[in-house]
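Before any comments, here is the structure.
The values are calculated or read from the model by the stated rules, or taken from the named source; none is laboratory data. Bear in mind that the values here come from a model prediction, so they are computed numbers and not experimental data. Neighbour counts run over all protein chains shown; Cβ positions are idealised from the backbone, glycine included.
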Amino acid sequence: MSAKTDKLLSILKLQPVVPVLVIDDAATAVPLARALVAGGLKAIEITLRTQAALDAIRAVAAEVEGAVAGAGTILNAAQFEQAVEAGSQFIVSPGTTQELIEVANDHEVPLLPGAATASEVMGLREEGYQVMKFFPAEQAGGAAYLKSLSSPLAGTLFCPTGGISLGNARDYLSLPNVVCVGGSWVAPKELVAKGDWAGITKLAAEAYALKG
Ligand code: 3PG
């Protein structure tokens with residue numbers, strides 16, 4: 001296993017659930033990340049879907065003790081570079097392109113690339129990837145679909161994301177080819193808007209308790 005894969009796995013194994021965040025106001029990033037870390041969720045994916053995302057990554061990486069800031073929804077090489085420059089320790093993409101594979105090869109920060117079909121998984125295996133994001137998990141076929149990949153594509157591990165919640169997370173976490181799941185349910189927009197950090201810590205702790 002490569003050093004980069006090792007690094008990625010050690011981050012993903014910190015917790016059963018990686019929060020997927022869409023941050024509209026960078027000022028909420030630090031208290032939100034602190035609330036998640038307090039509940040046990042240290043690895044945090046901040047998606048580059050908003051203007052505030054890079055500032056949010058920068059703030060979490062610099063100010064939140066115990067947090068492992070990562071960047072999500074990385075679609076091209078420029079975003080990859082910006083996310084690394086902001087302090088991301090891991091990079092997540094919903095799918096895979098040659099451009100992303102090439103930029104990832106130039107960096108020590110590991111990429112968790114997206115795949116949803118056997119062919120996509122096989123393509124990434126040829127590029128040396130052993131750990132992938134299965135996206136969009138529920139919509140693409142759910143835990144039963146992912147389970148059916150575990151025997152023919154043995155050796156590949158997944159972090160399924162998309163449509164996962166406290167209610168169905170165990171269906172995925174019990175599979176032999178799942179290392180963790182990702183989800184936005186631990187940071188609902190309403191709680192963030194209210195600044196209900198205690199409520200978010202409670203959701204994070206419930207998610208962390210899925211470990212086992
Ligand atoms: C992602 O980017 O991984 C998903 O949008 C997160 O999906 P969810 O909002 O359904 O958890």
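Worth pointing out:
- Any hit, segment 89-98, residues being farther than 20 Å from Ile11 by Cβ and away from the ligand (no atom under 16 Å from the Cβ): yes
- Within segment 53-98, tally of residues that are in contact with a Leu (Cβ under 9 Å, 6 or more places away or on another chain) and among the acidic types (Asp, Glu): 1
- Filter result for Leu14 (out of contact with any helix residue (DSSP H, G or I) (no Cβ under 9 Å at 6 or more places or on another chain), modelled with pLDDT of 95 or more, closer than 22 Å to Ala169 by Cβ and of a type in the set (A, V, I, L, M, F, W, C)): yes
- Meets criteria (away from the ligand (no atom under 16 Å from the Cβ) and either in contact with a Pro (Cβ under 6 Å, 6 or more places away or on another chain) or touching a residue at least 40 places away in the same chain (Cβ under 8 Å) (or both)) for Leu157: yes
- Summed over segment 30-62, the residues that are farther than 16 Å from Ile200 by Cα and among the acidic types (Asp, Glu) give a count of 1.
- Number of the condition not met by Leu36 [criteria: (1) within 16 Å of the ligand (Cβ to nearest atom); (2) outside any helix (DSSP H, G or I); (3) buried (at least 19 other Cβ atoms within 10 Å of the Cβ)]: (2)
- Residue within segment 116-131 that is under 19 Å from Gln15 (Cα atoms) and without any contact (Cβ under 8 Å) to a residue 60 or more places away in the chain present: no
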